[in-house]
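*Asks:* My questions all concern the structure below.
No value in this document is a laboratory result; all are computed from the given coordinates. Quick caveat: nothing in here was measured; it's all calculated off a predicted structure. Cβ sites come from the backbone with ideal geometry, for glycine too, and all protein chains shown count toward neighbours.
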Amino acid sequence: MLLKMLATAAQNVNTANGAEGTADAATEVWSGLFSIVLEWCMNVGVKILIALVIMFISFKIISKIARKVEKLGDKPNHDKTIMKVLAYIISIGGKCLVAVCLIGYLGIDTSGLTALIASLGVCIGLAVNGAVGNIAGGVLLIITRPFKVDDFIEAQGTSGTVTDIHMTYTRIITPDNKVVYLPNGALSSGNIINYSENDTRRVDLTFSIAYENNFEDAKAIITEVCNAHALILKDKGITVRVSAHNQSSIDIGTKVWVNCADYWTVYFDLLEAVKNEFDAKGISIPYNQLDVHVKNQ
């Protein structure tokens, strides 16, 4: 509209200059042009300024509300996963709603915009039909809850701690601090091992000794080491039994229960302690060897 008004005013200027060729006529037309621009600024310009101020304030308020909702997940009586997803929806959905309302406030016809968005939605849906599957998978994960934020899981060949569950992907951090994004579509339809859902885990270890050693002595040594470890849950029992007769060794299976947070500590402690006790008590750990017999002719 402003461009049309300016074009009309400029045409009047040219007509005045060509017909009259006087400075007074040109000044009068330029004054009219200035009045048109000023009128536009007083009407449409003020509306644009108000819209920008409203947008800035609204976005700030929406972001603040989203952060507050996300922080609710840190409280004991709130679910961290749900709060994170809800904060994300509030942030994106609220800002889009404000933008559409402001477009209508500025007098821009939104019916054409709505049709365009619908057409784009169809095209995008056809192009990213995998993303739609991921969104469906995200909804399924939130409803069925096979894991939550801060759980340690194993899925799609990757193990790590869940840090975020978005609508299309799940973000996990591996023990060596790698960030992995797993698509929710494959995640919801595949096998998921949740190591954090229960409070306790069982540590399974196998110790091999030579056939010439007394396996009862080895069992007694392993049992003594397990009983001496403070992090092993003695009330759940300690199992130390011969598990296999291999070609060059007797395998002694050891099973103990620990709290999930203590799993790796107990795992490595037992390996080191049993090796030290075997060396001290003369229990040998066999290794593969080859006997060669030379026959003289």
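*Asks:* Please arrange Asp199, Asp279, Asp164 by how many other C-beta atoms lie within 10 Å of their C-beta, fewest to most.
*Replies:* Exposure proxy ranking, most exposed first: Asp199, Asp279, Asp164.
*Asks:* Hey, another quick one. Any chance you could run the full-extension gain for Ile285 through Asn259? It's 0.36 nm times the residue separation minus the Cα-Cα distance, nm to one decimal.
*Replies:* Answer, rounded to one decimal: 6.4 nm.
*Asks:* If every alpha-carbon in segment 200-281 counts as one equal scatterer, what log10 I(q)/I(0) does Debye give at q = 0.14, 0.18 1/Å?
*Replies:* One equal scatterer on each Cα of segment 200-281 leads to -0.43, -0.70.
*Asks:* With label points built 7 Å along Cα→Cβ from the Cα atoms of Asp150 and Lys275, find their separation and express it in nm.
*Replies:* Each label point is offset 7 Å from its Cα along the Cβ direction, giving 3.5 nm.
*Asks:* Follow-up. Please report, in debye to the nearest 20, how large the charge dipole of segment 184-297 is about its Cα centre when each Lys and Arg carries +1 at its beta carbon and each Asp and Glu carries -1 there.
*Replies:* Once rounded to the nearest 20, the dipole reads 240 debye.
*Asks:* Put a dot 7 Å past each Cα toward the Cβ at Asn296 and Leu106; how far apart are the dots in nm?
*Replies:* With each label placed 7 Å out from Cα toward Cβ, I get 10.4 nm.
*Asks:* So what are the ³J(HN,Hα) numbers for segment 170-179, from phi and the Karplus equation (6.51, -1.76, 1.60; θ = phi - 60°), rounded to whole Hz, Gly and Pro as x?
*Replies:* Per residue, the Karplus-derived 3J(HN,Hα) values read 10, 9, 10, 10, 6, x, 8, 6, 8, 9 Hz.
*Asks:* Further question: At q = 0.24 Å⁻¹, work out log10 I(q)/I(0) for segment 136-194 with the Debye formula, treating every Cα as an identical point scatterer and leaving solvent out; two decimals please.
*Replies:* Cα-only, vacuum Debye calculation for segment 136-194: -0.91.
*Asks:* What FRET efficiency comes out for the pair Ala210/Arg241, r = Cβ-Cβ distance, R0 = 25 Å, nearest 0.05?
*Replies:* Plugging the Cβ-Cβ distance into 1/(1 + (r/R0)^6) gives 0.90.
*Asks:* Taking the simple approach of a point 7 Å from Cα along Cα-to-Cβ for both Thr174 and Thr200, what is their distance in nm?
*Replies:* Here the answer is 3.2 nm between the modelled labels.
*Asks:* Taking the Cα atoms of segment 44-106, report the difference between the largest and smallest coordinate on each principal axis, in whole Å and largest first.
*Replies:* For segment 44-106, the Cα spread along each principal axis is 50, 15, 10 Å.
*Asks:* Between Glu224 and Ser159, what FRET efficiency follows from the Cβ-Cβ distance if R0 is 41 Å, with the result rounded to 0.05?
*Replies:* 0.80
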